[in-house]
Amino acid sequence: MIYLKNATVIDPKSKTERQKDLMIDNGRIITIADHSEEEAVRRLQQKAEKEQADSIDAAGLFIGPGLVDVHVHFRDPGLTHKEDIETGAQAAAAGGFTTVVLMANTRPPVDSVKTLSYVLEKGKKTAIRVESCATITQGMQGKELTDFEALMQAGAAGFTDDGIPIVEESVVKSAMEQAAALQKKTGRPVPLSFHEENPDFIENNGINRGKASGHYGIGGSDRQAEISMVERDLKLALETGACFDVQHISTKEAVELVRAAKKQALANGICNIHAEATPHHILLTEEAVITHGTLAKMNPPLREEEDRQAVIAGVLDGTIDLIATDHAPHSAEEKAQELTKAPSGIIGLETAFSVAATELFGKHHMPLTDLFDRMSYAPARMYGFDRGYIEEGAVADLILFDPDREVTYETFRSRSENTPFKGMPLKGKILMTICDGRIVYRAGN
């Protein structure tokens, strides 16, 4: 039993920010006492003393629901020199994430019940909640669909070929039709998440075609690579009604396309369009690639300042309803290669909250209730997880944090350290992570 007292509690579901005490037992929040009700607080204090609860005084601090990341790579099976499910889960807990959804581009990819079961069983042995997508197509070849129903029955949270775009429109349409039909049949969300980069507009991916590509004298990724596929797939999502997620959005034009599509969907009485912003696209531009080289190389690439501001505006107004890390670990040896040969991607689980708190809360004055909506409640809703909010009876997935405390990340629990955020002064420190009523991370001084 844990008694958390004197904290300011952030609940994105009720959109409230109030000083409260919480009692946790058997993995659930069993009692909440609002400090506006002195008698309720007194009774809860007496109960905590009687039950000899582990009492934590959080005066001056904040409690929010555990973060939910719908886009992470733990590289297991097949590439565990970069990360595995255990080290990835440790990094997630340190970053305040109590639920993660793994991408399926492992080796072998998660296109079978056998591989999915391996991932989920290993995930159950960690301290957090590890969910996983399965692939949309067999072998991530973009041709033949996997067995959506069998994979969902085996525990797949959703479907994605993340890392590789699905070029054939007919395949995307078939996937959306099947997902929509399965969602209607089961009553469960069947999210399809798409990596939107048309290879016809890319030469040497990971670097924006513009100032960054000019600096290095390479072709780079034209913004039209993203725009063209987002435009195509939004139309298909509106036609089919499938739950559609635009992953790691990077261009101002794509943000506007999502904004217009969401309005159209809502006008038709549906809410099936979603979009993700990564912390790195929120804070950085292509200038970071010139400064940090391969440590700031990722797909889609960091773009221009106008794009960054459009992404921020989309997060602030809810056009972009998800903040997702795209945690993509690579070894130091791999990232030490020349720019065109080094793999794309950066780690992000441990730094994500601080980046978001620094830029969105600190600079753009985003309400903490909205920040936790994008990082907890909305991602949980998209996948149908009963998490991401704080009320009596809810699962005890919580974080204790200080949004104003300065923090600099020099070491990581992830097996990899490929990030331009290493050594960068940020604000927003995770002090404790509680998952299923158990303390799974506690920060040092």
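The values are calculated or read from the model by the stated rules, or taken from the named source; none is laboratory data. Since the structure is predicted, the reported quantities are computational estimates derived from the model, not experimental observations. With ideal geometry, Cβ positions are generated from the backbone for all residues, glycine too; neighbour counts draw on all protein chains shown. Areas reflect the complete protein model, heavy atoms only, side chains present, ligands, DNA and RNA absent. Shrake-Rupley method; radii C 1.70, N 1.55, O 1.52, S 1.80 Å.
Taking every protein chain into account, the 1.4 Å probe leaves Cys271 with about 100 Å² of accessible area, to the nearest ten. Scalar couplings 3J(HN,Hα) for region 30-46, obtained by applying the Karplus form with A = 6.51, B = -1.76, C = 1.60 to θ = phi - 60°, are 8, 8, 10, 10, 7, 5, 6, 10, 4, 5, 5, 5, 4, 5, 5, 4, 5 Hz; x denotes Gly and Pro. Rounded to 0.05, the FRET efficiency of the Asp200 and Thr340 pair, given R0 = 25 Å and the Cβ-Cβ distance, is 0.85.
Name the shape class, rounded, prolate or oblate, that the alpha-carbon gyration tensor gives for region 92-213, where a ≥ b ≥ c are the square roots of its eigenvalues, rounded holds for a/c under 1.5, and otherwise prolate holds if a/b is larger than b/c and oblate otherwise. Verdict is oblate for region 92-213. Build a GNM of the chain with springs between Cα atoms under 10 Å apart, and of Gly314, Gly220, Gly384 the one that fluctuates most is Gly384. Rounded to the nearest Hz, the phi-derived 3J(HN,Hα) couplings of region 89-95 under the Karplus curve 6.51 cos²θ - 1.76 cosθ + 1.60 (θ = phi - 60°) are 5, 5, 5, 4, 4, 5, x, where x marks glycine and proline.
Note on the chain: with neighbouring protein chains present and a 1.4 Å probe, carbon and sulfur make up 46 percent of its accessible heavy-atom surface. Which pairs break 23 Å Cα to Cα here: Lys5/Lys122; Lys82/Lys422; Lys20/Lys47? In this structure, Lys5/Lys122 exceed 23 Å between Cα atoms. If you plug the beta carbon distance of Thr411 and Lys125 into 1/(1 + (r/R0)^6) with R0 = 25 Å, you get a FRET efficiency near 0.55. For the pair Asp404 and Lys143, label points projected 7 Å from Cα toward Cβ lie 6.0 nm apart. Annotation: extensible slack from Asp54 through Met1 equals 18.5 nm (criterion: 0.36 nm per residue apart, minus Cα-Cα distance). Can you give me the C-alpha center-to-center distance between region 142-191 and region 22-47, rounded to a whole angstrom? First find each Cα centre; the distance between them is then 43 Å. Computed from the C-beta positions of Asp25 and Ala154, the FRET efficiency with R₀ = 30 Å rounds to 0.40. Under 19 Å from a label point 7 Å along Cα→Cβ of Lys47: give me every residue in region 384-411 with its amide N that close. In region 384-411, the label zone of Lys47 (backbone N under 19 Å from the point 7 Å along Cα→Cβ) covers 390-398. Could I have the simple spin-label model distance between Leu266 and Glu253, label points 7 Å from Cα toward Cβ, reported in nm to one decimal? Output for this residue pair reads 2.5 nm. Only helices enter the 222 nm calculation for the chain: every DSSP H run of n ≥ 4 contributes -39,500 (n - 2.57), and dividing by all residues gives -9500 deg cm²/dmol, rounded to 500. Summarising the amide proton neighbourhood of Gly220: residues at separation of 5 or more, or on other chains, whose placed amide H is nearer than 5 Å comprise Glu203, Asn204.
What shape does region 1-146 take by its C-alpha gyration tensor, where a ≥ b ≥ c are the square roots of the eigenvalues and a/c under 1.5 counts as rounded, a/b above b/c as prolate, and the rest as oblate? Intermediate values should be presented prior to the final figure.
Numbers: a/c = 3.30, a/b = 2.70, b/c = 1.22.
Here region 1-146 falls in the prolate category.
Gly139 sits among other residues whose Cβ lies under 10 Å from its own Cβ, and their net charge, with Lys and Arg +1 and Asp and Glu -1, is -2.
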